[in-house]
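All of the numbers you see were taken from the coordinates with simple rules; none came from a lab. Just so it is clear, the model here is predicted, and its values are computed rather than measured. When we count neighbours, we look across all protein chains shown, and the Cβ atoms used for this are built from the backbone with ideal geometry, even at glycine.
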Amino acid sequence: MQSLTNISEVKSLLSRHGFSFSKALGQNFLINPSVSPRMAKACGAGKNTGVLEIGPGIGVLTRELAALAYRVAAVEIDSRLLPVLNETLADFPNAKVIHGDVMKLDLQNIIAREFGGLKTVICANLPYYITSPVLMKLLESRLPAESITVMVQKEAADRICALPGTRECGAVTLAVWYYSIPKKLFSVSRGSFMPAPKVDSAVIKLDIRKSPPVEVRDEKAMFRLIRAAFAQRRKTLANSLTAAGLTREQTISLLDKAGIPRQSRAEQLTLEQFAILANQMPDV
Ligand code: SAM
């Protein structure tokens, strides 16, 4: 079985298949031999686990997952990688590659079909160009998964794992905390990939909550407020929240009723405060 972390073996595999890297698809493959085993272990893959992987590339992480899990389903968009994966995963009959775009596929259906009632976890070295949309899709569709362990750019990891109400947080932070408890596991240097990206990365794990930490009458309304507040994060809430469809008078009365100073900015609010605003928001 060829090594997928030995640069010359990987180059020869790729050239045999006439493969060239696509920057647009975020193709930076892991070549540091210690990272995939560490991720596979950290995600909780075990004999009774189904693992959904996004973007297997040439299968370096897929192999490690398949060695630990009962079954792995890996979604890959690039059809040029299918024959490569066919070859590299030949010794892993419990790994199945599904050709498609993770943003378009019905993941609920894939998990039900591939894993039945098995405990499910998600593990991926995410294509960086769609980190937030993928995470939001995974979280919002309330997949029956226990956790999501992903490699993302270091900056994204810091933002995602920041505490709501602190400077580093963004709209994605609030959404992540609503659905899960995130933590940063370890950093990965840019030299661990082929080709090397311009920035370092980090592996984070989101433990999915069984129920949200705050009670919200209308989740959509809360996320509309959060998005409006962070879209113009330098503005005061009295100005930025109007983008959620409220008039300035409605915004000011909402902030006053919730006991939130009109001059506050998005990054100063906790999830509880956004929930209070959403629960008192007039229908728009
Ligand atoms: N897992 C491999 C590794 O660690 O070496 C490859 C990771 S690479 C950062 C991202 C992978 O995601 C690539 O194989 C790319 O083709 C795939 N990909 C990009 N966009 C995708 C999408 N929308 N749906 C599914 N896979 C996608």
- Task: Quick one: net charge around P182, please, counting Lys, Arg +1 and Asp, Glu -1 for every other residue with C-beta under 12 Å from its C-beta.
- Result: +3
- Message: Could you derive backbone 3J(HN,Hα) for the range 113-122 from the dihedral phi with the Karplus parameters 6.51, -1.76 and 1.60 (θ = phi - 60°), listing whole Hz in sequence and x where the residue is Gly or Pro?
- Response: 5, 7, 10, x, x, 4, 4, 10, 10, 10
- At most 12 other Cβ atoms within 10 Å and a DSSP loop assignment: could you name the trypsin sites (Lys or Arg not before Pro) in the range 23-132 that fit? K23, K47, K104
- Query: On a 0 to 90 degree scale, rounded to 10, what angle separates helix 131-140 from the longest Cα axis of the chain?
  - Reply: 70 degrees
- Message: Give me, ordered by chain and number, the residues 5 or more places off G100 or on other chains with an amide H under 5 Å from its own placed amide H.
- Response: E76, I77
- What are the residues whose amide H is under 5 Å from the amide H of N125, where those residues sit 5 or more places off or on another chain and H is modelled from the backbone? I54, M151
- Note on the structure: The summed charge of the C161 Cβ neighbourhood (under 10 Å; Lys/Arg +1, Asp/Glu -1) stands at +2
- Item | Debye log10 I(q)/I(0) for the chain, one point scatterer per Cα, at q = 0.13, 0.15 Å⁻¹ | -0.87, -1.06
- Message: Can you divide the C-alpha Rg of the range 219-280 by 2.2 N^0.38 Å and report the result to two decimal places?
- Response: 0.92
- Note on the structure: Surrounding charge for Q268, neighbours by C-beta under 11 angstrom, Lys/Arg +1, Asp/Glu -1, total +2
- By how many degrees, between 0 and 90 and to the nearest 10, does the Cα long axis of helix 248-258 differ from the longest principal axis of the chain? 90 degrees
- Could you pull out every one of the lysines with an alpha carbon less than 27 Å from that of K205, ignoring same-chain neighbours closer than 8 positions? K23, K41, K47, K96, K104, K119, K137, K154, K183, K184, K220
- Message: To make sure I understand, if each residue's beta carbon is the centre and we count other beta carbons within 10 Å, what order do S189, S36 fall in, fewest to most?
- Response: S189, S36
